[in-house]
Amino acid sequence: MNDTNDSRLRVALQAGSIPMRRAPLLGPDFLGADDAERYAIYTEPQDAPGRAELLATLRAKLARDATTLPWTGEPMLGETLEDEDWSVGVAEEVSLSSDDLDEVVGQIVNYRLILTRDLDPIGFCTFAINLDDYGALFATLCEAWIEGPYRDAGLGLGFMQQMADAIYAAVAELDDRLAGGPALELDIAIGRELSTGTVESLLQACLEILGERFQSPELSGAPRLSSIRLGSLAIN
């Protein structure tokens with residue numbers, strides 16, 4: 001195989017599943033509030049203790065809440081709170097198969113973020129990261145909800161910080177697998193299944209966070225990218 005950008009990406013994708021970034025964001029400093037340490041945003045691994053009870057609590061709160069998304073006015077279904085419809089923690093491989101060939105050409109990693117206050121779940125955010133060997137990483141914001149009393153506290157930015165960190169970690173993982181060779185060329189785009197100007201402003205914040213991280217060479221372990229093009233893409 002020629003040592004092209006797409007062939008090197010395919011090698012990296014075939015090296016194994018892209019791991020989920022599981023670190024919690026504790027005491028969100030973006031709140032600037034005295035009680036910020038009472039909040040936490042966790043990335044949910046598939047085998048998290050008490051996971052079923054936590055999701056049941058969120059579904060019950062969502063059912064009692066207004067039936068529209070706080071940022072869109074559209075119906076809020078909570079589809080990504082259902083275990084059978086949203087598998088988190090394990091990358092799904094996309095393959096090209098033939099009689100004598102089965103090559104991994106892409107991976108999709110689903111994330112569900114859980115927002116808590118004093119360990120009580122008060123919101124969630126789900127997104128998917130799709131990587132392929134064409135030099136593209138596409139992240140999609142799928143659902144986001146925060147309980148009524150906390151919607152104006154700026155917590156949505158915390159979701160975007162976590163989303164940006166997960167994207168950055170995926171790129172860093174690809175780069176680490178190809179250490180010693182030429183740097184990669186990569187396009188990063190972010191879209192949403194939700195539609196409103198407020199959601200678009202959140203995604204723009206995510207892009208800005210990513211831009212700052214990739215443009216900070218002093219960061220230890222920063223990915224070696226010969227070029228990276230950040231772009232926002234809306235989907236309906």
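Which ones in the stretch 6-42 are at pLDDT 85 or above and on the phi > 0 side of the Ramachandran plot?
Across the stretch 6-42, the qualifying residue is only GLY16.
Could you check, for the stretch 127-141, whether at least one of its residues is modelled with pLDDT of 85 or more, among the aromatic types (Phe, Trp, Tyr) and outside any helix (DSSP H, G or I)?
yes
Could you list all residues from the stretch 145-180 that are over 15 Å from the mean Cα position of the chain (by Cα) and among the hydroxyl-bearing types (Ser, Thr, Tyr)?
Passing the criteria: only TYR150.
Just need a number here: residues in the stretch 43-69 that are under 21 Å from the mean Cα position of the chain (by Cα), modelled with pLDDT under 80 and closer than 21 Å to GLY154 by Cβ.
1
Pull up the stretch 113-144, narrow it to residues that are within 8 Å of the chain's Cα centre (by Cα) and of a type outside the set (A, V, I, L, M, F, W, C), then point me to the one that is surrounded by the most Cβ atoms within 10 Å (Cβ to Cβ).
Of everything passing the filter in the stretch 113-144, THR126 is surrounded by the most Cβ atoms within 10 Å (Cβ to Cβ).
Which condition breaks for GLU74 when tested against (1) acidic (Asp, Glu); (2) modelled with pLDDT of 70 or more; (3) surrounded by fewer than 17 Cβ atoms within 10 Å (Cβ to Cβ)?
GLU74 satisfies every listed condition except (2).
Could you check ALA172 against (1) in a helix (DSSP H, G or I); (2) of a type outside the set (Lys, Arg); (3) closer than 24 Å to TRP86 by Cβ and say which number it fails?
In the conditions (1) in a helix (DSSP H, G or I); (2) of a type outside the set (Lys, Arg); (3) closer than 24 Å to TRP86 by Cβ, ALA172 misses (3) alone.
Quick test for you: out of VAL94, VAL104, VAL109, pick the one residue that is crowded, with 18+ Cβ neighbours inside 10 Å, modelled with pLDDT under 80 and part of a strand (DSSP E or B).
VAL104 is the lone residue from the list that is crowded, with 18+ Cβ neighbours inside 10 Å, modelled with pLDDT under 80 and part of a strand (DSSP E or B).
Could you look through the stretch 212-227, keep only residues that are at pLDDT 70 or above and under 16 Å from ALA170 (Cβ atoms), and pick out the one that is surrounded by the fewest Cβ atoms within 10 Å (Cβ to Cβ)?
Restricting to residues being at pLDDT 70 or above and under 16 Å from ALA170 (Cβ atoms), the top hit is ARG213.
For the stretch 114-128, how many residues meet the condition of being more than 20 Å from ALA63 (Cβ to Cβ) and touching a residue at least 60 places away in the same chain (Cβ under 8 Å)?
2
The values are calculated or read from the model by the stated rules, or taken from the named source; none is laboratory data. For clarity, every value in this text was computed on a predicted model and none was experimentally measured. As a convention, Cβ positions derive from the backbone with ideal geometry for all residues, glycine included, and neighbour counts pool all protein chains shown.
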